[in-house]
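The values are calculated or read from the model by the stated rules, or taken from the named source; none is laboratory data. Computed from a prediction, not measured in an experiment: that's the story for all the values here. All Cβ positions, glycine included, derive from the backbone under ideal geometry; neighbour counts span all protein chains shown. Just the protein is used for accessible areas: all its heavy atoms, side chains included, with ligands, DNA and RNA removed. Shrake-Rupley method; radii C 1.70, N 1.55, O 1.52, S 1.80 Å.
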Amino acid sequence: MKIVEISTLLTCPGRNYLIVKVRTEDGLVGYGDATLNGRELAVQALIDRHLAPWLTGCEAERIEDIWQMVFRQTYWRGGPVQMTALAGVDMALWDLKGKLYRTPVFQLLGGKCRDRVRAYFHVHGRGDDELLERCRAKSDEGCHALRYSFETADPFERATVYRQPHQDRISEKRIEVTAETLRNPPRWDSRIYSEDLLRITAVLRRELGAHVELIHDAHERLSAGQAADLARKLEPFNLLFLEDPVEPLHKDSLALIRSSSTTPIAMGELYNTVQDCLPAIQNHWIDFLRVDVSHFGGITGVRKAASLAEAFGVRLALHGPSDISPLAHAANLHIDYSIPNFGIQEAVLPVGELLQVFQTAAAYRGGFLSLGECEGLGVEVDERAARSFPYRPAYLPLIRDNEGAVHDW
Ligand code: KDG
Ligand code: MG
(Lines give C-alpha, C1' and ligand atoms only; values in the text may rest on other atoms or scores of the structure.)
(Ligands and ions follow the chains in the order given, each with its own letter.)
Protein backbone atom coordinates (compact mmCIF):
# COMPACT_ATOMS: atom_id res chain seq x y z
CA MET A 1 0.00 0.00 0.00
CA LYS A 2 1.97 2.95 -1.31
CA ILE A 3 1.95 6.49 0.03
CA VAL A 4 0.62 8.82 -2.67
CA GLU A 5 0.59 12.09 -0.75
CA ILE A 6 2.02 13.66 2.40
CA SER A 7 0.69 17.12 3.18
CA THR A 8 0.48 19.52 6.12
CA LEU A 9 -2.22 21.76 7.53
CA LEU A 10 -1.31 24.58 9.90
CA THR A 11 -4.28 25.67 11.99
CA CYS A 12 -4.90 27.96 14.96
CA PRO A 13 -8.06 26.97 16.87
CA GLY A 14 -6.94 28.92 19.96
CA ARG A 15 -3.26 28.21 19.37
CA ASN A 16 -1.14 26.85 16.50
CA TYR A 17 -1.06 23.17 15.55
CA LEU A 18 0.63 21.52 12.57
CA ILE A 19 -1.28 18.48 11.27
CA VAL A 20 0.39 15.94 8.98
CA LYS A 21 -1.77 13.94 6.58
CA VAL A 22 -0.59 10.80 4.80
CA ARG A 23 -2.74 9.39 1.98
CA THR A 24 -2.28 5.97 0.35
CA GLU A 25 -3.13 4.57 -3.08
CA ASP A 26 -6.15 2.78 -1.50
CA GLY A 27 -7.58 6.13 -0.38
CA LEU A 28 -6.79 5.57 3.33
CA VAL A 29 -5.79 8.64 5.31
CA GLY A 30 -3.75 8.92 8.53
CA TYR A 31 -3.16 12.04 10.62
CA GLY A 32 -0.28 12.96 12.93
CA ASP A 33 0.79 15.94 15.03
CA ALA A 34 3.98 17.85 14.14
CA THR A 35 3.51 20.94 16.30
CA LEU A 36 6.66 22.60 17.61
CA ASN A 37 5.48 25.60 19.60
CA GLY A 38 7.00 28.80 18.16
CA ARG A 39 8.76 27.03 15.26
CA GLU A 40 5.77 25.64 13.33
CA LEU A 41 6.84 27.05 9.95
CA ALA A 42 10.28 25.43 10.11
CA VAL A 43 8.76 21.98 10.66
CA GLN A 44 6.15 22.58 7.96
CA ALA A 45 8.84 23.46 5.41
CA LEU A 46 10.86 20.38 6.33
CA ILE A 47 7.87 18.09 5.80
CA ASP A 48 6.49 19.78 2.68
CA ARG A 49 9.77 20.52 0.93
CA HIS A 50 12.09 17.69 1.98
CA LEU A 51 10.17 14.69 3.34
CA ALA A 52 6.97 14.62 1.28
CA PRO A 53 8.62 14.38 -2.17
CA TRP A 54 11.01 11.70 -0.94
CA LEU A 55 8.57 9.51 1.03
CA THR A 56 5.83 9.56 -1.62
CA GLY A 57 5.89 6.09 -3.22
CA CYS A 58 7.14 4.33 -0.04
CA GLU A 59 5.22 1.42 1.51
CA ALA A 60 3.00 2.95 4.23
CA GLU A 61 3.10 -0.19 6.38
CA ARG A 62 6.90 -0.10 6.80
CA ILE A 63 6.78 2.26 9.77
CA GLU A 64 10.10 1.33 11.39
CA ASP A 65 11.88 1.38 8.03
CA ILE A 66 10.53 4.86 7.23
CA TRP A 67 11.52 6.00 10.75
CA GLN A 68 15.08 4.75 10.22
CA MET A 69 15.27 6.36 6.77
CA VAL A 70 14.21 9.78 8.03
CA PHE A 71 16.33 9.57 11.21
CA ARG A 72 19.52 8.38 9.53
CA GLN A 73 19.48 9.60 5.93
CA THR A 74 19.60 13.24 7.05
CA TYR A 75 23.08 12.60 8.44
CA TRP A 76 22.48 15.78 10.56
CA ARG A 77 20.30 13.70 12.81
CA GLY A 78 18.26 14.58 15.88
CA GLY A 79 17.21 18.07 17.02
CA PRO A 80 13.70 19.34 17.73
CA VAL A 81 12.76 20.41 14.18
CA GLN A 82 13.70 17.11 12.54
CA MET A 83 12.34 14.91 15.33
CA THR A 84 9.02 16.80 15.25
CA ALA A 85 8.72 16.39 11.49
CA LEU A 86 9.50 12.68 11.88
CA ALA A 87 6.98 12.44 14.74
CA GLY A 88 4.18 13.85 12.58
CA VAL A 89 4.82 11.37 9.78
CA ASP A 90 5.25 8.46 12.22
CA MET A 91 1.99 9.17 14.08
CA ALA A 92 0.11 9.46 10.78
CA LEU A 93 1.51 6.06 9.69
CA TRP A 94 0.37 4.39 12.95
CA ASP A 95 -3.05 6.02 12.55
CA LEU A 96 -3.22 4.70 9.00
CA LYS A 97 -2.18 1.19 9.98
CA GLY A 98 -4.85 1.11 12.71
CA LYS A 99 -7.46 2.17 10.18
CA LEU A 100 -6.22 -0.45 7.70
CA TYR A 101 -6.65 -3.27 10.26
CA ARG A 102 -9.68 -1.59 11.87
CA THR A 103 -8.09 -1.63 15.31
CA PRO A 104 -6.82 0.90 17.87
CA VAL A 105 -3.10 1.68 17.77
CA PHE A 106 -2.60 0.24 21.28
CA GLN A 107 -3.55 -3.19 19.91
CA LEU A 108 -0.80 -2.90 17.30
CA LEU A 109 1.61 -2.03 20.14
CA GLY A 110 0.90 -5.26 22.00
CA GLY A 111 -2.47 -4.57 23.63
CA LYS A 112 -3.53 -3.10 26.95
CA CYS A 113 -1.42 -3.39 30.10
CA ARG A 114 -4.05 -1.44 32.08
CA ASP A 115 -7.75 -0.58 31.92
CA ARG A 116 -7.45 3.17 32.40
CA VAL A 117 -4.78 5.81 32.53
CA ARG A 118 -4.16 7.98 35.60
CA ALA A 119 -3.88 11.66 34.70
CA TYR A 120 -2.63 14.84 36.29
CA PHE A 121 -3.70 18.38 35.55
CA HIS A 122 -2.21 21.85 35.86
CA VAL A 123 -3.58 24.09 38.60
CA HIS A 124 -2.44 27.70 38.66
CA GLY A 125 -3.14 30.35 41.27
CA ARG A 126 -1.73 33.83 41.76
CA GLY A 127 -0.92 33.27 45.43
CA ASP A 128 -1.42 30.69 48.20
CA ASP A 129 -5.17 31.26 48.71
CA GLU A 130 -6.23 31.16 45.08
CA LEU A 131 -4.01 28.17 44.37
CA LEU A 132 -5.32 26.23 47.36
CA GLU A 133 -8.92 26.96 46.42
CA ARG A 134 -8.34 25.74 42.83
CA CYS A 135 -6.48 22.63 44.01
CA ARG A 136 -9.40 21.78 46.31
CA ALA A 137 -11.88 22.23 43.45
CA LYS A 138 -9.85 19.93 41.20
CA SER A 139 -9.48 17.33 43.92
CA ASP A 140 -13.25 17.50 44.63
CA GLU A 141 -13.78 16.68 40.92
CA GLY A 142 -11.87 13.44 41.52
CA CYS A 143 -8.44 14.45 40.24
CA HIS A 144 -5.95 13.75 43.02
CA ALA A 145 -2.74 14.43 41.08
CA LEU A 146 -2.01 18.14 40.63
CA ARG A 147 0.82 20.06 39.00
CA TYR A 148 0.78 23.41 40.75
CA SER A 149 2.21 26.77 39.73
CA PHE A 150 1.93 30.31 41.04
CA GLU A 151 3.12 33.85 40.46
CA THR A 152 6.38 35.11 41.89
CA ALA A 153 6.52 38.75 42.96
CA ASP A 154 9.75 40.58 43.64
CA PRO A 155 9.44 42.02 47.20
CA PHE A 156 11.88 44.82 46.41
CA GLU A 157 10.37 45.84 43.07
CA ARG A 158 6.66 45.20 43.50
CA ALA A 159 5.99 45.77 39.81
CA THR A 160 7.78 42.62 38.69
CA VAL A 161 5.46 39.63 38.86
CA TYR A 162 6.34 36.50 36.95
CA ARG A 163 3.68 33.98 35.91
CA GLN A 164 5.06 30.49 35.63
CA PRO A 165 4.17 28.62 32.44
CA HIS A 166 0.98 26.68 32.93
CA GLN A 167 -1.98 25.51 30.95
CA ASP A 168 -5.17 24.72 32.81
CA ARG A 169 -7.10 23.91 29.67
CA ILE A 170 -6.14 23.10 26.14
CA SER A 171 -6.93 26.05 23.88
CA GLU A 172 -7.53 28.34 26.86
CA LYS A 173 -6.55 31.84 25.79
CA ARG A 174 -2.84 31.50 25.20
CA ILE A 175 -0.44 34.07 26.60
CA GLU A 176 0.19 36.36 23.63
CA VAL A 177 3.94 36.68 23.36
CA THR A 178 4.66 39.33 20.74
CA ALA A 179 7.94 40.67 19.44
CA GLU A 180 7.29 43.68 21.72
CA THR A 181 6.97 41.46 24.86
CA LEU A 182 10.25 39.82 23.90
CA ARG A 183 11.92 43.23 23.89
CA ASN A 184 10.57 44.00 27.42
CA PRO A 185 10.50 40.62 29.15
CA PRO A 186 9.49 39.97 32.78
CA ARG A 187 12.18 39.68 35.46
CA TRP A 188 13.12 36.48 37.26
CA ASP A 189 14.76 35.73 40.61
CA SER A 190 15.36 32.07 41.45
CA ARG A 191 15.95 32.82 45.14
CA ILE A 192 12.55 34.45 45.59
CA TYR A 193 10.91 31.70 43.55
CA SER A 194 12.52 28.97 45.70
CA GLU A 195 11.34 30.60 48.93
CA ASP A 196 7.80 30.99 47.51
CA LEU A 197 7.80 27.39 46.30
CA LEU A 198 8.76 25.99 49.72
CA ARG A 199 6.13 28.07 51.51
CA ILE A 200 3.36 27.23 49.02
CA THR A 201 4.20 23.52 48.92
CA ALA A 202 4.01 23.35 52.72
CA VAL A 203 0.57 25.00 52.64
CA LEU A 204 -0.72 22.64 49.93
CA ARG A 205 0.52 19.50 51.69
CA ARG A 206 -0.88 20.61 55.05
CA GLU A 207 -4.28 21.65 53.68
CA LEU A 208 -4.82 18.95 51.03
CA GLY A 209 -3.64 16.04 53.16
CA ALA A 210 -1.20 13.22 52.61
CA HIS A 211 -2.87 11.48 49.68
CA VAL A 212 -3.07 14.14 46.99
CA GLU A 213 -0.15 13.71 44.56
CA LEU A 214 1.74 16.98 44.16
CA ILE A 215 3.91 17.77 41.15
CA HIS A 216 5.95 20.90 40.52
CA ASP A 217 7.61 21.92 37.24
CA ALA A 218 10.74 24.05 37.81
CA HIS A 219 10.95 24.49 34.01
CA GLU A 220 14.76 24.24 33.74
CA ARG A 221 15.28 27.52 35.64
CA LEU A 222 17.67 26.43 38.41
CA SER A 223 21.39 25.88 38.64
CA ALA A 224 22.50 22.42 39.82
CA GLY A 225 23.26 23.73 43.31
CA GLN A 226 19.95 25.58 43.63
CA ALA A 227 18.06 22.53 42.40
CA ALA A 228 19.84 20.15 44.78
CA ASP A 229 19.12 22.46 47.72
CA LEU A 230 15.46 22.84 46.75
CA ALA A 231 14.94 19.11 46.16
CA ARG A 232 16.32 18.38 49.63
CA LYS A 233 14.12 21.01 51.30
CA LEU A 234 11.05 19.67 49.47
CA GLU A 235 11.51 16.15 50.87
CA PRO A 236 9.08 16.54 53.83
CA PHE A 237 6.25 17.37 51.38
CA ASN A 238 6.53 14.11 49.51
CA LEU A 239 6.13 15.25 45.88
CA LEU A 240 5.22 12.70 43.21
CA PHE A 241 8.05 14.43 41.34
CA LEU A 242 9.96 17.63 40.81
CA GLU A 243 10.04 18.24 37.08
CA ASP A 244 12.88 19.71 34.99
CA PRO A 245 14.90 21.14 37.90
CA VAL A 246 17.82 21.93 35.59
CA GLU A 247 18.25 22.45 31.90
CA PRO A 248 18.84 19.24 29.94
CA LEU A 249 22.03 20.34 28.18
CA HIS A 250 23.78 20.14 31.55
CA LYS A 251 23.25 16.40 31.67
CA ASP A 252 25.30 15.47 34.71
CA SER A 253 23.81 18.23 36.92
CA LEU A 254 21.23 15.57 37.71
CA ALA A 255 23.91 13.58 39.55
CA LEU A 256 24.27 16.33 42.18
CA ILE A 257 20.51 16.53 42.68
CA ARG A 258 20.21 12.76 43.02
CA SER A 259 23.04 12.50 45.53
CA SER A 260 21.60 15.36 47.63
CA SER A 261 17.97 14.35 47.86
CA THR A 262 15.33 11.63 47.72
CA THR A 263 12.69 13.86 46.04
CA PRO A 264 11.73 11.99 42.84
CA ILE A 265 12.93 13.72 39.67
CA ALA A 266 11.29 13.88 36.22
CA MET A 267 12.95 15.09 33.00
CA GLY A 268 12.47 14.76 29.30
CA GLU A 269 10.25 17.25 27.47
CA LEU A 270 13.34 18.79 25.82
CA TYR A 271 14.94 15.47 24.86
CA ASN A 272 14.58 14.49 21.21
CA THR A 273 16.33 11.12 20.93
CA VAL A 274 16.87 7.97 22.96
CA GLN A 275 20.53 8.96 23.09
CA ASP A 276 19.58 12.24 24.83
CA CYS A 277 17.88 10.23 27.61
CA LEU A 278 20.63 7.67 28.10
CA PRO A 279 22.71 9.28 30.90
CA ALA A 280 19.66 10.15 33.02
CA ILE A 281 18.20 6.66 32.67
CA GLN A 282 21.24 4.46 32.99
CA ASN A 283 22.68 6.40 35.94
CA HIS A 284 19.34 6.22 37.77
CA TRP A 285 19.24 10.03 38.00
CA ILE A 286 15.53 10.24 37.20
CA ASP A 287 12.38 8.44 38.34
CA PHE A 288 10.06 9.59 35.52
CA LEU A 289 10.83 10.11 31.83
CA ARG A 290 8.71 12.88 30.29
CA VAL A 291 9.49 12.84 26.58
CA ASP A 292 7.07 14.45 24.13
CA VAL A 293 5.61 12.16 21.46
CA SER A 294 5.53 15.09 18.98
CA HIS A 295 9.18 16.03 19.49
CA PHE A 296 10.68 12.59 19.90
CA GLY A 297 10.06 10.90 16.56
CA GLY A 298 6.48 9.90 17.34
CA ILE A 299 5.15 6.64 18.72
CA THR A 300 8.09 4.66 17.32
CA GLY A 301 10.60 6.95 19.03
CA VAL A 302 8.80 6.94 22.39
CA ARG A 303 8.45 3.16 22.38
CA LYS A 304 12.23 2.85 22.05
CA ALA A 305 12.75 5.16 25.06
CA ALA A 306 10.04 3.33 27.04
CA SER A 307 11.80 -0.02 26.62
CA LEU A 308 15.12 1.47 27.65
CA ALA A 309 13.49 3.09 30.71
CA GLU A 310 11.76 -0.19 31.62
CA ALA A 311 15.13 -1.91 31.93
CA PHE A 312 16.23 0.67 34.52
CA GLY A 313 12.97 0.89 36.50
CA VAL A 314 12.14 4.39 35.20
CA ARG A 315 8.44 5.10 34.62
CA LEU A 316 6.92 7.25 31.87
CA ALA A 317 5.00 10.47 32.49
CA LEU A 318 4.65 11.67 28.89
CA HIS A 319 4.55 15.39 28.18
CA GLY A 320 0.95 16.41 27.53
CA PRO A 321 0.73 20.22 27.34
CA SER A 322 -1.81 22.35 25.46
CA ASP A 323 0.67 23.11 22.70
CA ILE A 324 0.38 19.66 21.14
CA SER A 325 -2.90 18.69 19.49
CA PRO A 326 -5.48 16.05 20.48
CA LEU A 327 -3.75 13.76 17.93
CA ALA A 328 -0.62 13.76 20.11
CA HIS A 329 -2.65 13.44 23.32
CA ALA A 330 -4.33 10.38 21.81
CA ALA A 331 -0.93 8.96 20.79
CA ASN A 332 0.18 9.38 24.43
CA LEU A 333 -2.80 7.34 25.58
CA HIS A 334 -2.15 4.48 23.15
CA ILE A 335 1.42 4.30 24.46
CA ASP A 336 0.31 4.58 28.12
CA TYR A 337 -2.09 1.67 27.68
CA SER A 338 0.50 -0.57 26.11
CA ILE A 339 3.66 -0.13 28.21
CA PRO A 340 4.37 -1.88 31.51
CA ASN A 341 6.33 1.05 32.98
CA PHE A 342 3.60 3.68 32.80
CA GLY A 343 3.66 6.26 35.64
CA ILE A 344 1.13 9.03 35.08
CA GLN A 345 -0.11 11.12 32.15
CA GLU A 346 -0.05 14.92 32.01
CA ALA A 347 -3.38 16.00 30.55
CA VAL A 348 -5.29 19.04 29.37
CA LEU A 349 -8.84 18.71 28.10
CA PRO A 350 -9.86 20.10 24.70
CA VAL A 351 -12.32 23.00 24.80
CA GLY A 352 -13.68 25.74 22.53
CA GLU A 353 -12.59 26.07 18.91
CA LEU A 354 -10.36 23.05 19.22
CA LEU A 355 -13.43 20.81 19.40
CA GLN A 356 -14.50 22.04 15.98
CA VAL A 357 -11.29 20.70 14.43
CA PHE A 358 -10.63 17.50 16.40
CA GLN A 359 -13.13 14.91 17.66
CA THR A 360 -11.29 12.52 19.93
CA ALA A 361 -12.21 9.10 21.34
CA ALA A 362 -10.25 10.00 24.49
CA ALA A 363 -12.47 10.61 27.50
CA TYR A 364 -11.79 11.81 31.05
CA ARG A 365 -13.58 10.82 34.24
CA GLY A 366 -12.62 11.17 37.88
CA GLY A 367 -8.86 11.42 37.52
CA PHE A 368 -8.51 8.86 34.72
CA LEU A 369 -8.31 9.00 30.92
CA SER A 370 -9.61 6.26 28.68
CA LEU A 371 -10.25 5.56 25.01
CA GLY A 372 -13.61 4.55 23.62
CA GLU A 373 -14.11 2.32 20.56
CA CYS A 374 -11.74 3.52 17.89
CA GLU A 375 -9.58 2.71 14.89
CA GLY A 376 -6.06 4.11 14.53
CA LEU A 377 -5.46 6.99 16.93
CA GLY A 378 -9.20 7.56 17.33
CA VAL A 379 -9.17 11.25 16.35
CA GLU A 380 -11.31 12.67 13.53
CA VAL A 381 -9.91 15.79 11.86
CA ASP A 382 -12.28 18.28 10.25
CA GLU A 383 -10.00 19.81 7.63
CA ARG A 384 -12.52 22.43 6.59
CA ALA A 385 -12.80 23.68 10.17
CA ALA A 386 -9.00 23.60 10.50
CA ARG A 387 -8.65 25.82 7.41
CA SER A 388 -11.06 28.33 8.93
CA PHE A 389 -8.55 29.05 11.76
CA PRO A 390 -5.46 30.47 10.01
CA TYR A 391 -1.98 30.42 11.57
CA ARG A 392 -1.16 33.31 13.93
CA PRO A 393 2.54 33.99 14.52
CA ALA A 394 3.42 33.59 18.23
CA TYR A 395 6.59 33.36 20.26
CA LEU A 396 7.60 31.43 23.35
CA PRO A 397 8.37 33.67 26.36
CA LEU A 398 11.70 35.22 27.31
CA ILE A 399 12.70 36.27 30.83
CA ARG A 400 15.67 38.19 32.18
CA ASP A 401 17.17 38.22 35.65
CA ASN A 402 17.34 41.27 37.92
CA GLU A 403 20.48 42.50 36.24
CA GLY A 404 18.89 42.15 32.84
CA ALA A 405 20.66 38.99 31.65
CA VAL A 406 18.76 36.31 29.72
CA HIS A 407 17.41 33.54 31.97
CA ASP A 408 15.76 30.18 31.20
CA TRP A 409 11.98 30.57 31.49
O1 KDG B 1 5.87 24.88 24.64
C2 KDG B 1 6.37 24.77 25.94
C3 KDG B 1 5.43 23.90 26.79
O4 KDG B 1 5.24 22.67 26.18
C5 KDG B 1 5.93 23.71 28.19
O6 KDG B 1 6.12 24.95 28.79
C7 KDG B 1 4.93 22.90 29.02
O8 KDG B 1 6.61 22.45 30.66
C9 KDG B 1 5.52 22.18 30.18
C10 KDG B 1 4.77 21.05 30.75
O11 KDG B 1 5.35 20.34 31.57
O12 KDG B 1 3.62 20.86 30.37
MG1 MG C 1 7.37 20.83 31.86
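Applying 1/(1 + (r/R0)^6) with r as the Cβ-Cβ distance of Asp115 and Glu141 and R0 = 25 angstrom yields a FRET efficiency of 0.75. In the context of the full set of protein chains, the stretch 219-281 has a per residue accessible area of 37 Å² (1.4 Å probe). Using θ = phi - 60° in the Karplus curve 6.51 cos²θ - 1.76 cosθ + 1.60, the 3J(HN,Hα) couplings for the stretch 34-39 round to 10, 8, 10, 3, x, 9 Hz; x is entered for Gly and Pro. The overall shape of the stretch 3-104 is oblate: from the C-alpha gyration tensor, with semi-axes ordered a ≥ b ≥ c, the ratio a/c is 1.5 or greater and a/b is no larger than b/c.
Farthest towards the positive end of the charge dipole of the chain, among the residues Leu316, His219, Leu398, is the Cα of Leu316, using unit charges on the Cβ of Lys, Arg, Asp and Glu.
Enclosing the Cα atoms of the stretch 179-274 in their convex hull gives a volume equal to 131 cubic angstrom per residue. Using a 1.4 angstrom probe on heavy atoms only, work out the carbon and sulfur share of the accessible area of the stretch 258-395 in %. Roughly 51 percent of what the probe reaches on the stretch 258-395 is carbon or sulfur. Computed over the stretch 243-290, the alpha-carbon pair-distance distribution with 10 angstrom bins reads 29, 64, 7, each value a whole percent.
For the chain, the longest principal axis of the C-alpha atoms and the axis of helix 298-311 are separated by about 60°. Accessible surface calculations at 1.4 Å, restricted to protein heavy atoms, place the stretch 3-104 at 40 Å² per residue. Rank Gly367, Gly376, Gly142 by mean-square fluctuation in a GNM of the chain with C-alpha springs under 10 angstrom and give only the top-ranked residue. Evaluated over the chain, the most mobile residue of the options is Gly142.
The distance from the alpha carbon centre of the stretch 105-128 to that of the stretch 317-343 is 7 Å, rounded to a whole number. Measure out, as a whole number of angstrom, how far apart the alpha-carbon centroids of the stretch 358-392 and the stretch 242-261 sit. Taking the Cα centre of the stretch 242-261 as reference, the centre of the stretch 358-392 is 35 Å away. Scanning residues 5 or more positions from Glu346 or on other chains, those with amide H under 5 Å from its amide H are Tyr120, Leu318, Gly320, with H placed 1.01 Å from N in the peptide plane. Computed over the chain, the per-residue total of -39500 (n - 2.57) for DSSP H runs of n ≥ 4 gives a 222 nm mean residue ellipticity of -10500 deg cm²/dmol, rounded to 500. Taken about its Cα centre, the chain carries a charge dipole of roughly 340 debye when the Cβ of each Lys and Arg holds +1 and the Cβ of each Asp and Glu holds -1. Here the stretch 2-48 and the stretch 179-229 have alpha carbon centers that stand 35 Å from each other. At an R0 of 30 angstrom, the distance between the Cβ atoms of Asn402 and Asn238 translates into a FRET efficiency of 0.40.
Remark on the chain: Rg and Dmax equal 20.7, 66 Å (Cα only). Cross-linked pairs Lys97/Lys304; Lys138/Lys233; Lys251/Lys304; Lys112/Lys233; Lys21/Lys138; Lys233/Lys304: Cα-Cα separations exceed 28 Å for Lys112/Lys233; Lys21/Lys138; Lys233/Lys304. When the charge dipole of the stretch 117-377 is built from unit charges on Cβ atoms (+1 for Lys and Arg, -1 for Asp and Glu) and taken about the Cα centre, the candidate among Cys135, Leu355, Ser294 whose Cα reaches farthest toward its positive end is Cys135.
Farthest towards the positive end of the charge dipole of the chain, among the residues Val4, Gly32, Tyr148, is the Cα of Val4, using unit charges on the Cβ of Lys, Arg, Asp and Glu.
The phi-based Karplus calculation (6.51 cos²θ - 1.76 cosθ + 1.60; θ = phi - 60°) puts the 3J(HN,Hα) values of the stretch 325-330 at 7, x, 5, 6, 4, 5 Hz, whole numbers, x for Gly and Pro. Note on the stretch 1-160: with neighbouring protein chains present and a 1.4 Å probe, carbon and sulfur make up 48 percent of its accessible heavy-atom surface.
Computed on the chain, with alpha-carbon pairs under 8 angstrom and 6+ residues apart, the relative contact order is 23 percent. Computed about its Cα centre, the charge dipole of the stretch 274-330 is approximately 140 debye, with only Lys, Arg, Asp and Glu carrying charge at their Cβ. A simple charge model with +1 on the Cβ of Lys and Arg, -1 on the Cβ of Asp and Glu and nothing else charged puts the dipole of the stretch 200-340 at about 260 debye relative to its Cα centre.
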